[in-house]
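Everything on this sheet refers to the single structure shown next.
The values are calculated or read from the model by the stated rules, or taken from the named source; none is laboratory data. Because the structure is predicted, anything quoted here is derived from the model rather than measured. Ideal geometry is used to build each Cβ from the backbone, glycine not excepted, and the neighbour counts take in all protein chains shown.
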Amino acid sequence: MAYDLKQEEEVKEYIENLGIEYRFGCYKEQKPEVCHLLGDYLEAIKKDYDKAAKVFKSNCLDYKFGKSCLKIGNYTLVGRGREKGDHVEALKYFEKGCEYNEPGACLHAGLLLTATGPGVTIPRDVPKGYNYLKKSCDQNDPMACHYLFGMYLTGVPKNVAEFNPHNPEKNKNIEYIIKSDKKQAFQFAKKACELGHMYACANIGIIGGSGFDDPTLFENQIEKDVTTPFGKPSDVLIEGQIKGVPCVLLARHGRKHQFQPSDVNYRANIWALKQVGCTHVLATTATGSLVEEYKPGDLVILNDFIDRTWGRKCTFYDRTEGGPKGVCHLPMRPAFCERARNAMITAAKARGYSHHETGTAVVIQGPRFSSRAESLMHRQWGGHLVNMTTVPEVVLAKEAGLSYAAVALVTDYDCWRENETSVSVSEVLAMFAKNVKKAADVIIDAVQVLAAETDLEYLSAHKELVSSAIMLKE
Ligand SMILES: CSC[C@H]1O[C@H](OP(=O)(O)O)[C@H](O)[C@@H]1O
Ligand SMILES: Nc1ncnc2[nH]cnc12
């Protein structure tokens with residue numbers, strides 16, 4: 001019978017008939033896949049969780065239907081269709097579901113057995129949990145592959161309390177159940193990415209500024225020539241891994257430094273990184289200092305900017321064909337991603353490098369350096385540093401919903417100090433070359449810190465902020 005689903009009565013009748021069909025298929029014809037549909041029907045349409053739980057439970061135990069074991073496992077975990085949650089019983093259902101080859105059930109069993117934290121009531125059994133995760137990943141569950149990536153990336157400590165997720169250096173002498181293995185980590189990340197886990201794909205973009213062109217940072221490099229709706233980025237993207245984490249490197253000014261700051265296609269650079277799946281961008285920048293305490297050779301994790309540039313394309317929302325639609329009024333406080341900044345701060349601290357956790361960069365148009373009067377004015381404005389590239393890069397990264405942070409290397413005192421000559425390009429490059437290892441180490445370690453994080457809510461928050469800032473959506 002055909003239903004006119006625009007008519008309310010007919011929709012009701014259709015839904016009732018659906019229930020009758022499912023009951024018939026389940027109870028009379030004894031088809032497990034239809035019983036599972038009946039459970040879904042009772043849950044989603046009837047909101048009768050008690051009955052749904054009974055159907056899922058019997059379909060799991062009597063008919064060995066893995067998907068229903070996963071469902072009843074989840075019900076048991078959170079206390080749906082029963083009085084309260086029970087982790088131990090939930091695990092039994094997940095294990096059954098896994099036995100019946102349901103990858104989601106293997107994933108949940110693996111997670112429960114390897115989880116730590118105050119809410120966990122199941123004794124930790126990492127080897128058993130690992131096997132469940134592995135079975136799930138082998139059956140192409142992207143989440144399971146991503147968890148295995150995380151396990152191999154950092155290693156799984158015997159005593160979790162001894163492990164410091166923010167300081168890899170401090171974990172060197174602790175005992176591990178699974179030892180860190182970057183090659184294995186990469187294989188699992190690769191598989192998770194291929195299966196569509198967005199956070200596992202080439203996920204950390206690195207924009208190398210003046211003097212930062214060290215491709216030896218990367219293992220297994222591949223050059224990728226890409227184009228975007230906003231034109232071509234400054235150079236090819238170099239994809240590879242840093243200690244097992246998929247990353248992409250881009251030279252901000254091109255590998256031959258062929259683009260001066262006002263000619264860099266910042267939009268194409270950021271878009272290209274986003275296009276290949278980056279969720280984060282970590283950048284370096286050579287900067288002059290505007291205050292005595294920020295000394296040449298110091299690192300600064302930028303947290304704000306003053307924009308003195310002009311004529312640069314500083315939004316994706318300008319109706320470019322293939323670009324996003326609408327008008328975007330994005331707040332700039334905070335301008336940089338706090339989580340990515342913290343990862344850099346953690347890295348600089350752990351290495352013992354002289355650094356400043358905050359700093360405001362005055363971004364000038366260039367290519368000339370500031371006059372003395374300008375430099376003195378920038379000081380009065382409260383700037384700590386001066387450079388030519390942070391705007392619009394940070395703005396565009398934020399518009400693209402990416403997590404962006406920049407480590408500035410102080411190369412000079414600009415030209416505000418009494419009795420001192422003005423900054424020169426040779427001074428900047430020489431100072432950067434002398435200290436480039438510090439910037440590279442901070443990037444390398446920050447990549448590890450970010451990749452080991454499991455709470456990725458902040459990445460969704462970046463995207464939601466952009467959605468909420470768009471007017472005139474089509
Ligand atoms: C080479 S001197 C001026 C130049 O250095 C900085 O470049 P980047 O930010 O790409 O490291 C500064 O912003 C100027 O563009
Ligand atoms: N003094 C300065 N002014 C602008 N950009 C710079 N990059 C490095 N030093 C700089």
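Data for the structure
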{"item": "Residue identified as in the same structural domain as Gly66 (by TED's automatic domain parsing), closer than 16 Å to Thr454 by Cα and among the small types (Gly, Ala, Ser) among Gly110, Gly119, Gly104, Gly150", "result": "Gly110"}
{"item": "Hits in the stretch 379-394 (condition: of a type in the set (Val, Ile, Thr) and either more than 12 Å from ligand 1 (Cβ to nearest atom) or not assigned by TED's automatic domain parsing to the domain that holds Arg341 (or both))", "result": "none"}
{"item": "Subset of the stretch 275-301 that is within 19 Å of Gly401 (Cβ to Cβ) and among the hydrophobic types (A, V, I, L, M, F, W, C) - its residue that is nearest to the chain's Cα centre (by Cα)", "result": "Cys278"}
{"item": "The listed residue being basic (Lys, Arg), assigned to a loop (DSSP other than H, G, I, E, B), touching a residue at least 60 places away in the same chain (Cβ under 8 Å) and surrounded by 16 or more Cβ atoms within 10 Å (Cβ to Cβ), out of Arg312, Arg339", "result": "Arg312"}
{"item": "Residue within the stretch 322-329 that is surrounded by fewer than 22 Cβ atoms within 10 Å (Cβ to Cβ), away from ligand 2 (no atom under 16 Å from the Cβ) and of a type in the set (A, V, I, L, M) present", "result": "yes"}
{"item": "Failed condition for Phe259, given (1) closer than 14 Å to Gly205 by Cα; (2) in a loop (DSSP other than H, G, I, E, B)", "result": "(1)"}
{"item": "Residues of the stretch 264-286 satisfying the condition of being part of a loop (DSSP other than H, G, I, E, B) and more than 11 Å from ligand 1 (Cβ to nearest atom)", "result": "Asn265, Val276, Gly277, Cys278, Thr279"}
{"item": "Condition check for Ala439: within 27 Å of Asp298 (Cα to Cα), in contact (Cβ under 8 Å) with a residue 12 or more places away in the chain and surrounded by fewer than 13 Cβ atoms within 10 Å (Cβ to Cβ)", "result": "no"}
{"item": "Condition met for Ala144 (at pLDDT below 95 and touching a Lys or Arg at 6+ places or on another chain (Cβ under 9 Å))", "result": "no"}
{"item": "Count - residues of the stretch 365-388 that are among the aliphatic types (A, V, I, L, M), under 19 Å from Gly211 (Cβ atoms) and surrounded by fewer than 24 Cβ atoms within 10 Å (Cβ to Cβ)", "result": "0"}
{"item": "Test: Val160 is closer than 28 Å to Lys51 by Cα and surrounded by fewer than 20 Cβ atoms within 10 Å (Cβ to Cβ)", "result": "no"}
{"item": "Tally, over the stretch 433-474, of residues that are in contact with a helix residue (DSSP H, G or I) (Cβ under 8 Å, 6 or more places away or on another chain) and hydroxyl-bearing (Ser, Thr, Tyr)", "result": "2"}
{"item": "Verdict on Ala397 being at pLDDT 95 or above and either away from ligand 1 (no atom under 16 Å from the Cβ) or crowded, with 23+ Cβ neighbours inside 10 Å (or both)", "result": "yes"}
{"item": "Index of the failed condition, Gly209 passing every other in (1) modelled with pLDDT of 80 or more; (2) within 17 Å of the chain's Cα centre (by Cα); (3) closer than 30 Å to Glu393 by Cα", "result": "(2)"}
{"item": "Where a residue in the stretch 260-273 is more than 15 Å from ligand 2 (Cβ to nearest atom) and its partner, wherever it lies, is among the polar types (S, T, N, Q), with Cβ under 7 Å and at least six apart", "result": "Asn265/Ser234; Ala268/Thr228; Asn269/Ser234; Trp271/Thr228; Ala272/Thr228"}
{"item": "Members of the stretch 48-70 that are of a type in the set (Phe, Trp, Tyr) and surrounded by fewer than 23 Cβ atoms within 10 Å (Cβ to Cβ)", "result": "Tyr49, Tyr63"}
{"item": "Among residues of the stretch 77-106, those that are closer than 12 Å to Ser136 by Cα and of a type in the set (Gly, Ala, Ser), counted", "result": "3"}
{"item": "Selected residue (criterion: farthest from Ile345 (Cα to Cα)) from residues of the stretch 371-388 that are within 11 Å of ligand 2 (Cβ to nearest atom) and touching a strand residue (DSSP E or B) at 6+ places or on another chain (Cβ under 6 Å)", "result": "His378"}
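To keep it simple, each residue is scored yes or no on (1) assigned by TED's automatic domain parsing to the domain that holds Gly352; (2) within 13 Å of ligand 2 (Cβ to nearest atom); (3) more than 22 Å from Asp263 (Cα to Cα); (4) not polar (S, T, N, Q).
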position	(1), (2), (3), (4)
Leu396	yes, no, no, yes
Ala406	yes, yes, no, yes
Val428	yes, yes, no, yes
Met431	yes, yes, yes, yes
Leu459	yes, no, yes, yes
